[in-house]
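The values are calculated or read from the model by the stated rules, or taken from the named source; none is laboratory data. Since the model is a prediction, treat every value here as computed from it, not as a measurement. So basically every Cβ, Gly included, is an ideal-geometry build from the backbone, and we count neighbours across all protein chains shown. Keep in mind that these areas ignore ligands, DNA and RNA; they rest on the heavy atoms of the full protein, side chains included. Shrake-Rupley method; radii C 1.70, N 1.55, O 1.52, S 1.80 Å.
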Amino acid sequence: MAHRKVGFGLRGIGHAVVNGVGRLGYASRFFLMILIGSGASFRRIHLTIREIYFTGVMSLIIILVSGLFVGMVLGLQGYETLQKYGSESALGSLVALSLVRELGPVLAALLFASRAGSAITAEIGLMKATEQIAAMEMMAVDPISRVVAPRFWAGVTSMPLLAAMFSAVGVFGGYLVGVVFIGVDVGSFWSQMEAAVDFRQDIVNGVIKSVVFGIAVTAIALFEGYDAPPTAEGVSHATTRTVVTSALVVLGLDFILTVFMFRGV
Amino acid sequence: MPAENLVEISDLNFSYGKHPILKGINMNIPRGKLVAIMGLSGCGKTTTLRLIGGSIRPTTGSVKVAGKEVGGLDTEDLYTMRRKMGMLFQFGALFTDLSVYENVAFQMREHTDLPETVIRDLVMMKLHAVGLLGAHGLMPSELSGGMARRVALARAIALDPMLMMYDEPFAGLDPISLAVIGNLIRRLNDALGATSILVTHDIQESLKIVDYVYFMADGVVVAEGTADEIKASRLPFVHQFVWGESDGPVSFHYPSAPYREDLLLELAHGA
Ligand SMILES: Nc1ncnc2c1ncn2[C@@H]1O[C@H](COP(=O)(O)OP(=O)(O)OP(=O)(O)O)[C@@H](O)[C@H]1O
Ligand SMILES: [Mg+2]
């Protein structure tokens, strides 16, 4: 009896792996098609700008508010810990480094996935369900280059900007709590920060991270939408998968990138 | 050239998975004619149009448009061919993120370099033809079902295609719009020297305008003829369809286990 169950279990795992690999292959081909079909996104830049408005500007409020709160919490917690060692003057550098290296890119990407990524998946999925994609193909217009590619480049462009704004607002939040409320010395707050944050090591690496996350989240959102079964249920599942997959991929990529960037492997 | 067929379908078979939908269809659509395809819901009319448009490929058999085998074209040739085709989708398929005006202008922007003033004139002309000039600023979500279908019609004819395919253009139209759209389809066909395929259930309206009719049932062509031949037909199937009788050789039901058995099954399983 037991070996039967194991057999079923193994078969289940094998099935999932084969499916997963097949889907990954399909997704890679989709990604390649986006790159090939990208000409129009640059030649007709207004298509991309329109999507930057929808993906980027719409996510702005949630990014700014979250950034402010995360920065304020960092200020509070950082102060608590630092003052034990009498080094509360390092609060500025702690807040800035945490945000620029880690929290800015990662949290902005997670928020971006749940705000813009899910919207992209739902929109593309519905366009498919209502035959808009098929209609476009019948009009001899390639939906990959007309619909998908501009959204991709819009996401890739918005993500680093959003992450930068998240960090900037976060630093302000840390300043508010640390300097204005708690009373850390304003001069040392900024000067320590300026001394600790390295342009190449911290800022550029942070930007690289957010570009990679932008590519990952937008590509996942577009693929899930394009691949969704053309029904209400299919689109709703795809939307959920976008958020879950993006979160896992962003966190996984963040670990890998951090290992390479800050451990000097 | 004039006597030649623009679309030639021979021995066409198509299945979705294991489910056969079309079983050996033969049809010819002559150049310049307006041909109707009629049949019960689910008999494979939309599938036939999609095969002609090349969005699905035949399982076996051939579909030729202007002498070219559609299933054998690569993407580039297929897109070249589709530029000369217009398709009205059964459910409109308007682009929901674009206004009515931009929907109609879509192909002009994608495929031509016409200046904005010319595009504007063309769009207004097409919208005027379907009686929706005043609706150009609305979004698709602000249209009724019948209006959306008329906008989709205006969009489909935007670039004066040589082959027009209409999937249920009359569904959801009031009697006045119905007559206007029917006449428009006929006039477009004749004025442009185009060829048109009209899929419809509205037999009375379509018999007024079409040149030829194919009747489909269960994935095969069961009757064909000119409008007059169809009207005079004594074939029980055609008679039943033309006069809308529920008794006759055509079954209204999707093939299934007999209803009685189903009920008995339910009884056996139920509480
Ligand atoms: N994507 C699909 N996958 C599987 N089966 C399908 C699919 N699309 C259509 N079918 C099946 O193919 C058959 C023919 O469908 P089709 O849409 O061509 O019918 P139709 O003649 O256009 O009907 P109607 O008049 O209701 O529009 C139907 O039985 C339907 O169940
Ligand atoms: Mg149909």
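If we sort B:204-214, B:97-107, B:176-186, B:68-78 on the protection proxy, mean other Cβ atoms within 10 Å, highest first, what's the order? Please report the intermediate quantities before stating the final value.
Details: B:204-214: 19.3, B:97-107: 20.8, B:176-186: 17.5, B:68-78: 14.0.
The most tightly packed comes first, giving B:97-107, B:204-214, B:176-186, B:68-78.
As a check on your grasp of the helix formula, calculate [θ] at 222 nm for chain B: sum -39500 (n - 2.57) over DSSP H runs of n ≥ 4, divide by the residue count, round to the nearest 500.
Values: 10 runs with 105 residues, N = 271.
The per-residue figure over chain B is -11500 deg cm²/dmol.
Rounded to the nearest percent, how much of the accessible area of region A:1-98 (1.4 Å probe, protein heavy atoms only) is carbon and sulfur? Display every interim value, and only then the final one.
Working: 4600 of 6360 Å².
Carbon-and-sulfur percentage of accessible area, whole number: 72.
Alpha carbons only, please: Rg and Dmax for region A:205-251, in angstrom.
Radius of gyration, then largest Cα-Cα span, for region A:205-251: 12.1, 41 Å.
Under a point spin-label approximation (7 Å from Cα along Cα-to-Cβ), what is the A:V65-B:K208 distance to one decimal in nm?
Reported label-point gap for A:V65 and B:K208 is 5.7 nm.
Students often check this: by mean Cβ neighbours within 10 Å, which of B:164-171, A:241-248 ranks highest, and how do the rest follow? Working shown, then result.
Details: B:164-171: 23.0, A:241-248: 18.8.
The packing order, highest mean first, is B:164-171, A:241-248.
What pairs in B:K33/B:K231; A:K128/A:K209; B:K68/B:K208; B:K84/B:K231; A:K128/B:K33; B:K18/B:K45 have C-alpha atoms more than 28 Å from each other? Intermediate results must be reported in sequence, preceding the final value.
Working: B:K33/B:K231 19 Å; A:K128/A:K209 32 Å; B:K68/B:K208 31 Å; B:K84/B:K231 33 Å; A:K128/B:K33 32 Å; B:K18/B:K45 19 Å.
Checking Cα-Cα distances, A:K128/A:K209; B:K68/B:K208; B:K84/B:K231; A:K128/B:K33 exceed 28 Å.
Once you average over the residues of B:152-163, how many Cβ atoms of partner chains fall within 10 Å of each Cβ? Walk me through the intermediate numbers first.
Working: counts 1, 0, 0, 2, 3, 0, 1, 2, 0, 1, 0, 0.
Averaged over the peptide's residues, the number is 1.
Whole angstrom only: what separates the Cα centroid of region B:145-219 from the Cα centroid of region B:38-101?
15
Nearest 100 Å² is fine: how much accessible area is buried between A and B, summed over both sides, with a 1.4 Å probe?
Numbers: alone 13870 and 14300 Å², together 26400 Å².
When A and B are taken together, about 1800 Å² of accessible area is lost.
Can you list the residues, at least 5 places off or on another chain, whose amide H is less than 5 Å from the amide H of B:M87, using H built in the peptide plane?
Result for B:M87 returns B:M165.
Hey, for a label at B:T59 modelled as a point 7 Å past Cα toward Cβ, could you say which residues of region B:18-48 have their backbone N under 16 Å away?
Zone members listed by number: B:18-26, B:43-45, B:47-48.
Quick one: with all protein chains in place, what share of the accessible area of chain B is carbon or sulfur, to the nearest percent (1.4 Å probe)?
Working: 7570 of 13450 Å².
Of the solvent-accessible surface of chain B, carbon and sulfur hold 56 percent.
So which residue, out of B:R120, B:R149, B:R31, gets the largest mean-square fluctuation from a GNM of chain B using Cα contacts under 10 Å as springs?
B:R120
What is the average number of partner chain Cβ atoms found within 10 Å of a Cβ in A:138-146?
Details: counts 15, 15, 13, 8, 3, 0, 0, 0, 2.
For peptide A:138-146, the averaged partner shielding equals 6.
Based on DSSP, what percent of beta bridges with both residues in region B:126-224 are antiparallel, to the nearest 5?
Details: 4 of 9 bridges.
Given both bridge residues lie in region B:126-224, the antiparallel proportion sits at roughly 45 percent.
Quick one: among B:P175, B:P161, B:P58, which has the greatest mean-square fluctuation in a GNM of chain B with alpha-carbon springs under 10 angstrom?
Comparing B:P175, B:P161, B:P58 in a Gaussian network model of chain B, the most mobile one is B:P175.
So, for the protein assembly as shown, what is the accessible surface per residue at a probe of 1.4 Å, expressed in square angstrom?
Details: 26400 Å² over 536 residues.
Here the residues of the protein assembly as shown average 49 Å² of exposed surface.
Would you work out the relative contact order for chain B, in percent, from Cα pairs under 8 angstrom that are 6 or more residues apart? Display every interim value, and only then the final one.
On the way: 447 pairs, mean separation 63.3, N = 271.
Reported as a whole number, the value is 23 percent.
What value, in deg cm²/dmol to 500, does the helix sum -39500 (n - 2.57) over DSSP H runs of n ≥ 4 give at 222 nm once divided by the residues of chain A? Can you show the working numbers first?
Values: 12 runs with 202 residues, N = 265.
Computed mean residue ellipticity for chain A: -25500 deg cm²/dmol.
Specify the inter-centroid distance of region A:1-33 and region A:209-265, based on alpha-carbon positions, in whole Å.
The distance from the Cα centre of region A:1-33 to that of region A:209-265 comes to 19 Å.
Convert each backbone phi in region B:146-159 into a coupling constant with the Karplus relation 6.51 cos²θ - 1.76 cosθ + 1.60 (shift: θ = phi - 60°), then list the ³J(HN,Hα) values in order as whole Hz, x for Gly and Pro.
Computed from phi, the couplings for region B:146-159 are x, 5, 4, 5, 5, 5, 4, 5, 4, 5, 5, 9, 4, 9 Hz.
Would any residue of region B:13-53 have its amide N under 20 Å from a label point 7 Å out along Cα→Cβ of B:T226? List them or say none.
B:27-38
Please give the residues from region A:116-130 for which the solvent-accessible area of heavy atoms, probe 1.4 Å, is smaller by at least 10 Å² with all protein chains in place than with the chain isolated.
A:E123, A:M127, A:T130
Mind listing, in residue-number order, the residues in region B:48-89 that have at least 30 Å² less accessible area with every protein chain present than in their own chain alone (1.4 Å probe)?
B:Y79, B:R82, B:F89
Equivalent-ellipsoid semi-axes (√(5λ), Cα gyration tensor) for chain B, whole Å, largest first? Could the numbers behind the result be given before it?
Details: eigenvalues 218, 104, 83 Å².
Equivalent ellipsoid semi-axes, largest first: 33, 23, 20 Å.
To the nearest 0.05, how large is the calculated FRET efficiency for B:D160 and B:D77 if R₀ is 22 Å and r is the Cβ-Cβ distance? Can you show the working numbers first?
Numbers: r = 21 Å, r/R0 = 0.95.
Approximately 0.55, to the nearest 0.05.
When chain A is treated as a GNM, springs tying every alpha-carbon pair under 10 Å, which of A:F172, A:F30, A:F255 comes out with the largest mean-square fluctuation?
Checking each option, the largest mean-square fluctuation is seen for A:F255.
Which value results for Rg/Rh of region A:37-262 when Rg is the Cα radius of gyration and Rh the Kirkwood radius based on the inverse mean 1/r?
Using Cα coordinates only, the ratio equals 1.08.
With unit charges on the beta carbons (Lys and Arg positive, Asp and Glu negative) and the dipole taken about the Cα centre of region A:37-262, which residue among A:T218, A:G125, A:S145 sits farthest to the positive side?
After comparing all options, I get A:S145.
Quick check on chain B: of the DSSP beta bridges with both residues there, what percent are antiparallel, nearest 5%?
Details: 22 of 40 bridges.
Around 55 percent antiparallel, to the nearest 5.
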